[in-house]
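The values are calculated or read from the model by the stated rules, or taken from the named source; none is laboratory data. On a predicted model such as this, the values are computed, not experimentally measured, just so you know. With ideal geometry, Cβ positions are generated from the backbone for all residues, glycine too; neighbour counts draw on all protein chains shown. Calculation scope for accessible area: heavy atoms of the full protein, side chains included, ligands and nucleic acids excluded. Shrake-Rupley method; radii C 1.70, N 1.55, O 1.52, S 1.80 Å.
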Amino acid sequence: MYNTLSGRVEEFRPLVGNRVYMFVCGPTVYDHSHIGHARTYISFDVIAKYLAYRGYSVFYLMNVTDIDDKMIQRANEVGIPVEDLADMYFKSFLEDMRALGVDSVNLYAKATEHVPEILEQIEALMEKGIAYESGGSVYFEVKKFPSFGKLSRQRLDKLEAGARVDVREEKRNPEDFALWKAYKPGEPSWDSPWGPGRPGWHVEDTAITMRYFGSQYDIHGGGRDLIFPHHDSEIAIAESITGKEPFVRYWLHTGFLNVEGEKMSKSLGNVITIKELLKRFRPEVVRFFFLHSHYRSPVDFTLTLLEEAEAAYERLENTVSNLRRSVKEASGGVGETGGTGGGGEMERESGPGLGEKALETRRRFVEAMDEDFNTREALAALFDLAREANRALAEGGCTPEEVKEALSVFEDYGGILGLFGTPADTSAAAAEAVIRILLEEREAARRKKDWETADRIRERLAEAGITVEDGKDGPRWRFSGV
Ligand SMILES: [Zn+2]
């Protein structure tokens, strides 16, 4: 995997055996989540699932920022307590993740539920003389951690001039960051040795990961925009406290997301929420769209590209439906349309094609994913298999075993990517039922020698992408291929 810390693709070795401790920066729950969140969390969902597929025992932890400046500001605007705002939008976040099939997180940890751990870390930094109190707030003195900026490769003198650091009189140096923020009227607060206040942002993550993972762990993920100052500050806090480095062995970051060529921002009014997106597109299509790019590549989000992704995904999905139906027919299961019931037709010859292609696809998929989770290449391998499967199904010349093997490739890897799943099954099953009814009506028309009706049904089905062929055992149908 590509490690932002070294700037190289490195072989992955967990700290302890086959255990993987993975932490990803979670949402600040002050508003509905947007498509930038969708991209990051779908990427890490697939990464967690792939690592599990490769035999690792993955523990995936995510923090939830339920107290910070944005939370307080928004709660005041809406006129509700910060707690209620947090509850409302954390629920909304979970709904969105469930809808997108992001279900690999083992534990969500809220900042407000880890204040004792946060205070413990701040006290440790105070004792070491790395943090100082000023006006009831506590700051991390960046100069006391000489390698500050090693993740983003920014030098300290540059940081001082940086636009993102806020200048406050009570700080010794402009680059110092708050570990604890003194209470202001109207804000939620917790008791501390320095008076009432609330935690700063960076220390929230280090306190949470140290509680569950200890002083060092395997993978820390997040969006690129979090590298500086957030992740650099986390390293500074953790390594100052424990003296152990690296705090995190592998730092993984997802690429930027633009909307129609522009940065997504509230001021530009182009923020698209996950809920808005899912009104128009199915979750699988959204996953497919993002997975079609490598997680580190920049993505431009446009309606046209999404519609193209939808069409491409449906072609793949049609192939999977055809394979499922073929397997069902071969095993004499219910639901076939005038099939032989015994799979006799498919056994007529065993071509060398599909079975070998399925094996090759497995090899290509794993190779692609082993190389820094290259989902784009992995999907390309599935498309090649789909093409071969469509050809084999249309022309015959493959055994039921080969069809089953091809289907199992889609189902195994669909499980990792979150594609070809149950929601699609439901709509595909409904479509198949309707097609069956139409074909029964067509057969009835044919028996009455009403050729006009029979032909019209067949033509209308062809227009809808469903090919009907009349065989000695009755009509067979399939979705038109890739
Ligand atoms: Zn974070």
Checklist entry - Any idea which of (1) touching a Ser or Thr at 6+ places or on another chain (Cβ under 9 Å); (2) crowded, with 19+ Cβ neighbours inside 10 Å; (3) modelled with pLDDT under 95; (4) of a type outside the set (Asp, Glu) is the one Arg446 doesn't satisfy? => result (2)
Checklist entry - Is there any pair linking a residue in segment 198-210 that is under 14 Å from Ile227 (Cα atoms) and at pLDDT 95 or above to one that is more than 9 Å from the ligand (Cβ to nearest atom) and part of a helix (DSSP H, G or I), with Cβ under 6 Å and at least six apart or on different chains, and which? => result His202/Ser233
Checklist entry - Does at least one position in segment 50-58 carry a residue that is in contact with a His (Cβ under 9 Å, 6 or more places away or on another chain), of a type outside the set (D, E, K, R), buried (at least 22 other Cβ atoms within 10 Å of the Cβ) and modelled with pLDDT of 95 or more? => result no
Next on the checklist: For segment 246-297, which positions are of a type in the set (Val, Ile, Thr), under 22 Å from Leu379 (Cα atoms) and touching a strand residue (DSSP E or B) at 6+ places or on another chain (Cβ under 8 Å)?
Outcome noted: Thr254
Next on the checklist: Conditions first: (1) surrounded by fewer than 22 Cβ atoms within 10 Å (Cβ to Cβ); (2) within 16 Å of the ligand (Cβ to nearest atom); (3) in a loop (DSSP other than H, G, I, E, B). Asp31 passes all but one, so which condition is the exception?
Outcome noted: (2)
Checklist entry - In segment 224-248, which residue that is more than 21 Å from Gln154 (Cβ to Cβ) and not in a helix (DSSP H, G or I) is most open to solvent (accessible area, probe 1.4 Å)? => result Lys244
Checklist entry - Can you find even one residue in segment 77-89 that is hydroxyl-bearing (Ser, Thr, Tyr) and open to solvent by 40 Å² or more (accessible area, probe 1.4 Å)? => result no
Next on the checklist: Just the residues that are open to solvent by 20 Å² or more (accessible area, probe 1.4 Å) and either touching a residue at least 24 places away in the same chain (Cβ under 8 Å) or within 13 Å of the ligand (Cβ to nearest atom) (or both), please, taken from segment 249-264.
Outcome noted: Arg249, Phe256, Leu257, Asn258, Glu260, Gly261, Met264
Checklist outcome for this item: The one condition Glu411 fails out of (1) charged (D, E, K, R); (2) surrounded by fewer than 19 Cβ atoms within 10 Å (Cβ to Cβ); (3) touching a Lys or Arg at 6+ places or on another chain (Cβ under 6 Å) is (3)
Checklist entry - Which of the residues spanning segment 187-237 are out of contact with any strand residue (DSSP E or B) (no Cβ under 7 Å at 6 or more places or on another chain), among the aliphatic types (A, V, I, L, M) and either within 18 Å of Tyr250 (Cα to Cα) or more than 12 Å from the ligand (Cβ to nearest atom) (or both)? => result Met210, Leu226, Ile235
Next on the checklist: For segment 50-72, give me each residue that is among the hydroxyl-bearing types (Ser, Thr, Tyr) and touching a helix residue (DSSP H, G or I) at 6+ places or on another chain (Cβ under 8 Å).
Outcome noted: Tyr50, Tyr53, Tyr60, Thr65
Next on the checklist: Can you find a residue that is in contact (Cβ under 8 Å) with a residue 12 or more places away in the chain and in contact with a Gly (Cβ under 9 Å, 6 or more places away or on another chain) anywhere in segment 77-86?
Outcome noted: no
Next on the checklist: Given (1) assigned to a loop (DSSP other than H, G, I, E, B); (2) of a type in the set (Val, Ile, Thr); (3) open to solvent by 20 Å² or more (accessible area, probe 1.4 Å), identify the lone condition not met by Val102.
Outcome noted: (3)
